[in-house]
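Here's the structure we're looking at; comments come further down.
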Amino acid sequence: MDREEAAKKIADLRATLEEHNYRYYVLSSPVISDYAYDLLMKELEQLEKEFPEFDDPASPTRRVGSDRNEEFVQVKHRYPMLSLANVYSAEELLDFDQRIRKDLEADFQYVCELKFDGTSISLTYKNGLMEKAVTRGDGESGDDVTANVKTIASIPLRLRGDHYPEDFEIRGEIVMPFRVFEELNRQREENGEPLFANPRNAASGTLKLLNSSEVAKRKLDAWFYMTPGNPLGNQTHWDNLQEAAKVGFKVSKNIRLCNGLEEVLEYLHHWETARFDLPVATDGVVIKVNSLKQQEILGFTAKSPRWAVAYKFKAEQASTTLLSVSYQVGRTGAVTPVANLEPVLLAGTRVKRASLHNADIIASLDLHEGDTVLVEKGGEIIPKIVEADTSLRHPLAQPVRFITKCPECQTPLVRLEGEAAFYCPNDTGCPPQIKGKIEHFISRKAMNIDGLGSETVDLLYQNGLVRQVADLYQLKKEQLTPLERMGEKSAERILKSLEDSRKVPFSRVLFALGIRYVGETVAKNLAAAVGNIDRLGQMPQEELTTINEIGDKIAESVKEYFQNPAHLEIIARLKDAGICFETETTDAELKSDKLAGLSIVISGTFAKHSRDELKVMIEVNGGKNVSSISKNTSYILAGENMGPSKLDKARSLKIPLISEDDFLKMIE
Ligand code: IVH
């Protein structure tokens, strides 16, 4: 390759990698596999080595990626949090092994461990008590997520026994078990919220939530794999891990001491398939030199230790033909494209469909009709298309174009600003939306109508008996009994259950209405704050955002819901049917309204109360705790170590800072 070609290729690779970085770290929605990403990165590294004249400090090869979020206080790591070099084959592993042999010129052992696929965390303990939990961030400093990590039941808040160093640091991976991940996505689907692509994104997204009681509900777990700085003072990594387990950390039982590469390969071979039986996602094996002295001799490169390597499992891939793209309309009207494929065997199952997520992904894959595509089953439950093979494309093949009309009711689709999904706006006339809304309305956590399942809803809809939820309360026994598979008993059970649903409290009724973004928790908060449906319908958008956990997006969606006359009619008919539209004890949890109308940002750490406690104190006194500073912020409750970007913003918007004591006086 000549200089000119190299310059162009380097620029192309940098731009492509930046785009993938953005999709991975910012949008949490990667479109290529880690493997494909690594290949691009390696190609760029190689070219930069060959043509050092094109060096650029902003090149993607110079950074490890960052998960930093300015809502959290930044903490500098005592020891940088590096990443690992990846290998994908036995040959590459052999190179690693030979390099170690050459550099050490002595006998050594490896420790093989599973590489957990979550998000890394560094914990520090002072005199046995958890002091801080910090994310990797950019490797140098990360986000202080202590309050969130303290909710993870398997992480000790206090070390066990009495043999631990005064200052102790340990690193591990926070994961979301598959079971929890599936349940979370099920709930998100029910609430019309976007789904997490895989357990890793779900774990890192959860750790960055600003409300730790929400984190607690998500049942995260953690596995620990390293004690930087050797605070336990052992000679080997193995002994450190055994001791870490004794002081209370979860250390995988599946680690193994290996003498030589052959034993390492045996371990890899075993876990390549055995990992599918584990309750959490793993994406490889980490191979580490056991002796800490030898680790020291081997040292580090700028990005990773020389004494360890990650062997990444290859996500199983298969090549097949794209037959067509179909479009599914969900309860909220969101239109999801699905690829129909020539059936192909992948990771033991016959795959004939792959998710395409949204129009942007179709465009970035540059899919054409009839393309030969590479499908992959990685950490995701549903396989995805990784790339289209353009060399096999028919010259006249047409690009796949996202539909412009709803496939069910022909209404032109709309795309909301800042969202990737297209929606069918005809929510009161589009069959899957109507049926989906009825199914949601009758579900257990909503009105809990016994005896009505999706098949019966379909029958009721097909027979013209129910067109919207209020019609349910007009049903008569003589209309139900002639339906297929419906006996007298079942009909009676449904009617009794509908009758009982008149006692369902307002917060659940509000959830049952299926307003976009109004899930169970939001419905509870709204119901507690407004007291009845009429007040909710009349409340201006700005006032809605002063309610606990209600941001602009939810407020706008609520407002929109009440602007639609068809929705008002449904509510009126449900009221006539005796459904409950008010809370019995409005604002029962409020202690005072001393902070009514104030929106307060908490930043930094505090002497007397935790951030969570302060948050509760704001809310029970009628105020709103918001996470980011805007011109609408009334005060910043500022503790120590307030993030510099927040401080700058507060100054430029002239928002007053108050101390913990000022605040306590305000609510006295
Ligand atoms: S050792 C210097 N061991 O993989 C880094 N890492 O790409 C030493 N990971 O950031 C890391 N399981 O988040 C190590 N058993 C394990 C691991 C593991 C998962 C993650 C970790 C790290 C990333 C490296």
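The values are calculated or read from the model by the stated rules, or taken from the named source; none is laboratory data. As the structure is a prediction and not an experimental result, all values here were calculated from the model. Cβ coordinates were reconstructed from backbone atoms using ideal geometry, including for glycine residues, and neighbour counts include every protein chain displayed. SASA here: full protein model, heavy atoms, side chains in, ligands and nucleic acids out. Shrake-Rupley method; radii C 1.70, N 1.55, O 1.52, S 1.80 Å.
At a glance:
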item	result
Residues of the stretch 129-149 classified as open to solvent by 20 Å² or more (accessible area, probe 1.4 Å) and within 14 Å of the ligand (Cβ to nearest atom), total	3
Scan of the stretch 157-184 for residues that are of a type outside the set (A, V, I, L, M, F, W, C), buried (at least 17 other Cβ atoms within 10 Å of the Cβ) and under 14 Å from residue 127 (Cα atoms), ordered by number	164, 165, 169
Where a residue in the stretch 639-654 is more than 21 Å from residue 615 (Cβ to Cβ) and its partner, wherever it lies, is loosely packed, with under 11 Cβ neighbours inside 10 Å, with Cβ under 6 Å and at least six apart	653/631
Identity of the residue in the stretch 199-211, out of contact with any Lys or Arg (no Cβ under 7 Å at 6 or more places or on another chain) and more than 13 Å from residue 116 (Cβ to Cβ), that ends up nearest to the ligand (Cβ to nearest atom)	207
Whichever residue in the stretch 523-536 is open to solvent by less than 20 Å² (accessible area, probe 1.4 Å) and assigned to a helix (DSSP H, G or I) and, among such residues, is nearest to residue 442 (Cα to Cα)	523
Every residue from the stretch 481-514 that is closer than 21 Å to residue 453 by Cα, open to solvent by less than 60 Å² (accessible area, probe 1.4 Å) and under 27 Å from the mean Cα position of the chain (by Cα)	510, 511, 512, 513, 514
Any hit, the stretch 370-386, residues being over 30 Å from residue 511 (Cβ atoms) and open to solvent by 60 Å² or more (accessible area, probe 1.4 Å)	no
Any hit, the stretch 411-420, residues being in contact with a Leu (Cβ under 6 Å, 6 or more places away or on another chain) and surrounded by 16 or more Cβ atoms within 10 Å (Cβ to Cβ)	no
Subset of the stretch 72-81 that is in a loop (DSSP other than H, G, I, E, B), open to solvent by 60 Å² or more (accessible area, probe 1.4 Å) and in contact with a strand residue (DSSP E or B) (Cβ under 8 Å, 6 or more places away or on another chain) - its residue that is nearest to the ligand (Cβ to nearest atom)	79
Matching option when the condition is more than 24 Å from residue 373 (Cα to Cα) and more than 10 Å from the ligand (Cβ to nearest atom), among 297, 287	297
Filter pass, residue 583 being in contact with a helix residue (DSSP H, G or I) (Cβ under 8 Å, 6 or more places away or on another chain), among the hydroxyl-bearing types (Ser, Thr, Tyr), at pLDDT below 85 and surrounded by 15 or more Cβ atoms within 10 Å (Cβ to Cβ)	yes
First in the stretch 291-304 and under 26 Å from residue 42 (Cβ atoms), second anywhere and more than 14 Å from the ligand (Cβ to nearest atom) and among the hydrophobic types (A, V, I, L, M, F, W, C), Cβ under 9 Å, 6 or more apart	298/100; 298/104
Qualifying residue in the stretch 300-316 (condition: crowded, with 18+ Cβ neighbours inside 10 Å, away from the ligand (no atom under 13 Å from the Cβ) and at pLDDT 95 or above)	no
Scan of the stretch 143-175 for residues that are without any contact (Cβ under 8 Å) to a residue 60 or more places away in the chain and acidic (Asp, Glu), ordered by number	162, 166, 173
Selection count, the stretch 451-480, where residues are open to solvent by 60 Å² or more (accessible area, probe 1.4 Å) and either of a type in the set (Gly, Ala, Ser) or more than 28 Å from residue 527 (Cα to Cα) (or both)	8
Restricting the stretch 92-128 to residues that are more than 16 Å from the ligand (Cβ to nearest atom) and hydroxyl-bearing (Ser, Thr, Tyr), the residue that is farthest from residue 225 (Cα to Cα)	125
Selection within the stretch 188-218 - of a type in the set (Lys, Arg) and within 13 Å of the chain's Cα centre (by Cα)	188, 200, 208, 218
Qualifying residue in the stretch 250-257 (condition: hydrophobic (A, V, I, L, M, F, W, C) and in a strand (DSSP E or B))	yes
All positions within the stretch 212-230 that are within 16 Å of the ligand (Cβ to nearest atom) and open to solvent by 30 Å² or more (accessible area, probe 1.4 Å)	223, 225, 226, 229, 230
Any hit, the stretch 550-558, residues being of a type in the set (D, E, K, R), under 23 Å from residue 417 (Cα atoms) and crowded, with 20+ Cβ neighbours inside 10 Å	no
Filtered residue count, the stretch 82-105, keeping only those that are within 26 Å of residue 142 (Cα to Cα) and part of a strand (DSSP E or B)	1
The stretch 343-369, residues that are touching a Leu at 6+ places or on another chain (Cβ under 6 Å) and open to solvent by 60 Å² or more (accessible area, probe 1.4 Å)	352
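Listed here are the residues, each with its yes/no results for (1) assigned to a loop (DSSP other than H, G, I, E, B); (2) among the charged types (D, E, K, R).
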residue	(1), (2)
114	no, no
160	yes, yes
171	no, yes
180	no, no
186	no, yes
